[in-house]
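> Pasting a structure here, questions to come.
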Amino acid sequence: QVQLVEAGGGLVQAGGSLRLSCAASGSTFRIRAIGWYRQAPGNERELVARIRTGGRINYADSVKGRVTISRDNAKNTVYLQMNDLNPEDTAVYFCNCETYRTNYWGQGTQVTVSS
């Protein structure tokens with residue numbers, strides 16, 4: 001089992017920045033990829049950014065150049081630095097990790113960008 005706890009969401013004006021964090025605990029040695037998804041009202045959940053154990057990173061096209069994912073292995077924490085936010089980034093952001101058996105999800109954190 002892996003537990004994921006997110007923090008850092010909130011309300012920000014367009015053009016602003018936020019940093020989300022996701023702390024993993026439990027069987028973290030099983031994690032092969034960890035990252036962030038988001039879901040806006042009426043939309044499907046979509047990948048924002050993901051980092052694999054070997055270091056490979058994937059970003060959604062919609063956030064490339066504005067978002068950076070990073071990890072602190074000593075703290076079992078992954079971060080999502082989001083800059084130049086716009087109202088289309090408003091969503092609930094979920095931390096996700098993949099193991100060889102299953103996926104785990106955090107409880108989600110709301111990000112709201114006002115125009």
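The values are calculated or read from the model by the stated rules, or taken from the named source; none is laboratory data. The shown structure was predicted, so the numbers you read here are calculated from the model rather than taken from an experiment. We place every Cβ from the backbone using ideal geometry, glycine too, and count neighbours over all the protein chains shown.
> Which residue is surrounded by the fewest Cβ atoms within 10 Å (Cβ to Cβ), if the candidates are limited to segment 9-49 and must be under 17 Å from Tyr93 (Cβ atoms), at pLDDT below 95 and small (Gly, Ala, Ser)?
Selected residue: Gly42.
> Let me ask something else. Does Ala23 satisfy the condition of being among the small types (Gly, Ala, Ser), touching a helix residue (DSSP H, G or I) at 6+ places or on another chain (Cβ under 8 Å) and assigned to a strand (DSSP E or B)? Can you show your working first?
Numbers: among the small types (Gly, Ala, Ser): yes; touching a helix residue (DSSP H, G or I) at 6+ places or on another chain (Cβ under 8 Å): yes; assigned to a strand (DSSP E or B): yes.
Spelling it out, Ala23 is indeed among the small types (Gly, Ala, Ser), touching a helix residue (DSSP H, G or I) at 6+ places or on another chain (Cβ under 8 Å) and assigned to a strand (DSSP E or B).
> Right, next: Does Val63 satisfy the criteria of being assigned to a loop (DSSP other than H, G, I, E, B), at negative phi, in contact (Cβ under 8 Å) with a residue 24 or more places away in the chain and not acidic (Asp, Glu)?
Spelling it out, Val63 is indeed assigned to a loop (DSSP other than H, G, I, E, B), at negative phi, in contact (Cβ under 8 Å) with a residue 24 or more places away in the chain and not acidic (Asp, Glu).
> For residues in segment 75-100 being hydroxyl-bearing (Ser, Thr, Tyr) and touching a residue at least 60 places away in the same chain (Cβ under 8 Å), which is surrounded by the most Cβ atoms within 10 Å (Cβ to Cβ)?
Pass one, segment 75-100, residues hydroxyl-bearing (Ser, Thr, Tyr): 77, 79, 90, 93, 99-100.
Still in the list and also touching a residue at least 60 places away in the same chain (Cβ under 8 Å): 79, 93, 99-100.
On the way: Tyr79: 16, Tyr93: 23, Thr99: 17, Tyr100: 7.
If we take residues in segment 75-100 being hydroxyl-bearing (Ser, Thr, Tyr) and touching a residue at least 60 places away in the same chain (Cβ under 8 Å), then Tyr93 is surrounded by the most Cβ atoms within 10 Å (Cβ to Cβ).
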